[in-house]
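Below: one structure, written as structure tokens.
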Ligand code: DGJ
């Protein structure tokens, strides 16, 4: 550990004793270095952007956009819609959240059909996977787009195994509304919800799913109306629901915002920017994608962000940080290096 980090760690430990700070950080050997190249167990950079985690039978699975090849700005572009070809959704597995093993491309691109949602010429973003205890299926929802981002649909795929291969079922506009940045959340009662930026990214929809998690149930709410929030990441803490989002500035970072609600369908109350420390005003040059509770460790939640490199999207990095809960206030303090409890 570097001297600056060691002082930070000692200060955090002292604060913890004096003020009852709760978070998951502690001194350990394997560290997470936000923004650094993070290699998998084969020594290759982890390639799972805009992703999310699934915990299933003692194993964490990390799904994300597998971004490969050149980043291009199409000649017809009227805005910075930098893109890479669709390659598919990747999956990594881990039991400690630090060492990740590549499990393959679990939803591959469809190269031989130019009209297919998963053709390389399209856009595939922010995949999330949840497990349905009743059907025994792993269900993936993703943002499925045309190259110019006018399609604004959700795509759904299923698998019998967390490591795929997932079968693609097709795409649609949930509740007849545009669907771009998105995430999924399964509540303690087994009901699942789809959070998505809609109405040209101006309004965030929360849509309860059918019991098989494959379609919208028809019960939905419109939230943060005309507030232009995207990159939703949801978690539940001590009976309340929390939603971390970004503003809408394309691939460029902006200020994060946390909101809280007693009911998952809202109403939601904005409680401000949870990020603190260096570059907190632009989310540490990153954008939210998921929040993962560390199983078996109360008050230990990891906030996951993407640090996009818009002109070389495949070299985008991950900023993972532990959340801090002090006297009921939730913050995400910047840390150059940290580790999880064993
Ligand atoms: C911001 C979104 O959060 C990303 O997933 C991606 O869609 C970019 N916009 C594209 O500009």
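Any chance you could get the radius of gyration and Dmax over the Cα atoms of the chain, in Å?
Rg then Dmax for the chain, in Å: 19.0, 62.
For the chain, what is the calculated [θ] at 222 nm in deg cm²/dmol (nearest 500), taking -39500 (n - 2.57) for each run of four or more DSSP H residues and dividing by its residue count? All intermediate terms of the calculation are to be shown ahead of the outcome.
Numbers: 1 runs with 17 residues, N = 342.
Result for the chain: -1500 deg cm²/dmol, rounded to the nearest 500.
Distance in nm between label sites at residue 225 and residue 334, each 7 Å beyond Cα in the beta-carbon direction?
3.7
What list of whole percents do you get for P(r) of segment 100-214, with Cα-Cα distances grouped in 5 Å bins up to the one holding the largest distance?
Values per bin, smallest distances first: 2, 12, 22, 23, 20, 14, 6, 1, 0.
I need to check one value: relative contact order of the chain, counting alpha carbon pairs closer than 8 Å and at least 6 residues apart, in percent. Before the final figure, lay out each step's value.
Details: 897 pairs, mean separation 59.0, N = 342.
Answer for the chain is 17 percent.
Between residue 269 and residue 111, take the C-beta separation as r, use R0 = 35 Å, and let me know the FRET efficiency to the nearest 0.05.
Working: r = 46 Å, r/R0 = 1.32.
So, using R0 = 35 Å, E works out to roughly 0.15.
Over all alpha-carbon pairs of segment 209-342, lay out the pair-distance distribution in 5 Å bins, whole %, shortest bin first.
Binned Cα distances yield the sequence 2, 9, 18, 22, 20, 14, 10, 4, 1.
Cα axis of helix 3-19 to longest principal axis of the chain: angle in degrees, 0 to 90, nearest 10?
It is inclined by approximately 80 degrees.
For q values of 0.33 Å⁻¹, compute log₁₀ I(q)/I(0) with the Debye formula on a Cα-only model of segment 290-339, without solvent.
Rounded to two decimals, the profile gives -1.25.
For residue 236 and residue 76, what does the FRET efficiency come to when R0 = 30 Å and r is the distance between their Cβ atoms, rounded to the nearest 0.05? Don't skip to the answer; put the middle values down first.
Details: r = 43 Å, r/R0 = 1.43.
That gives a FRET efficiency of 0.10.
Taking a ≥ b ≥ c as the square roots of the eigenvalues of the Cα gyration tensor of segment 29-185, is the shape rounded (a/c under 1.5), prolate (a/b larger than b/c) or oblate?
Cα axes put segment 29-185 in the oblate bin.
Would segment 200-276 count as rounded, prolate or oblate if I go by the C-alpha gyration tensor, calling it rounded below 1.5 in a/c and otherwise prolate when a/b exceeds b/c, oblate otherwise?
On the way: a/c = 1.97, a/b = 1.34, b/c = 1.48.
Verdict is oblate for segment 200-276.
Counting other beta carbons within 10 Å of each Cβ, put 103, 126 in order, fewest first.
Listing 103, 126 from fewest to most nearby Cβ atoms yields 103, 126.
Sort 332, 32 by Cβ crowding within 10 Å, fewest neighbours at the top. Walk me through the numbers on the way to the answer.
Numbers: 332 28, 32 20.
Fewest to most other Cβ atoms nearby, the residues stand as 32, 332.
If I take R0 = 45 Å and measure r between the Cβ atoms of residue 188 and residue 37 in this structure, what FRET efficiency does the formula 1/(1 + (r/R0)^6) give, to the nearest 0.05?
Here the calculated transfer efficiency is 0.75.
Let me see the pair-distance distribution of segment 167-242: every alpha carbon pair, 10 Å bin width, integer percents in order.
Whole-percent P(r) values from 0 Å outward: 19, 52, 27, 2.
In nm, give the distance between the simple-model label positions of residue 210 and residue 172, each being 7 Å from the Cα along the Cα-to-Cβ direction.
Each label point is offset 7 Å from its Cα along the Cβ direction, giving 0.7 nm.
For segment 263-325, what does the alpha-carbon gyration tensor say about shape, rounded, prolate or oblate, given a ≥ b ≥ c as the root eigenvalues, a/c under 1.5 as rounded, and a/b over b/c as prolate? Please report the intermediate quantities before stating the final value.
On the way: a/c = 1.76, a/b = 1.47, b/c = 1.20.
Prolate shape, in that a/c is at least 1.5 and a/b is the bigger ratio.
Would you mind ranking 67, 297 so that the residue whose beta carbon has the fewest other beta carbons within 10 Å leads the list? Numbers along the way, then the final one.
Details: 67 25, 297 13.
Arranged by neighbour count, lowest to highest, 67, 297 become 297, 67.
Points 7 angstrom from Cα along the Cβ direction at residue 199 and residue 30: gap in nanometres?
4.5
Bear in mind these aren't lab numbers, they're just calculated from the coordinates by the rules spelled out. The model shown is predicted, which means the values in this text are computed figures rather than measured ones. Glycine also receives a Cβ, built like all others from the backbone with ideal geometry; neighbour counts cover every protein chain displayed.
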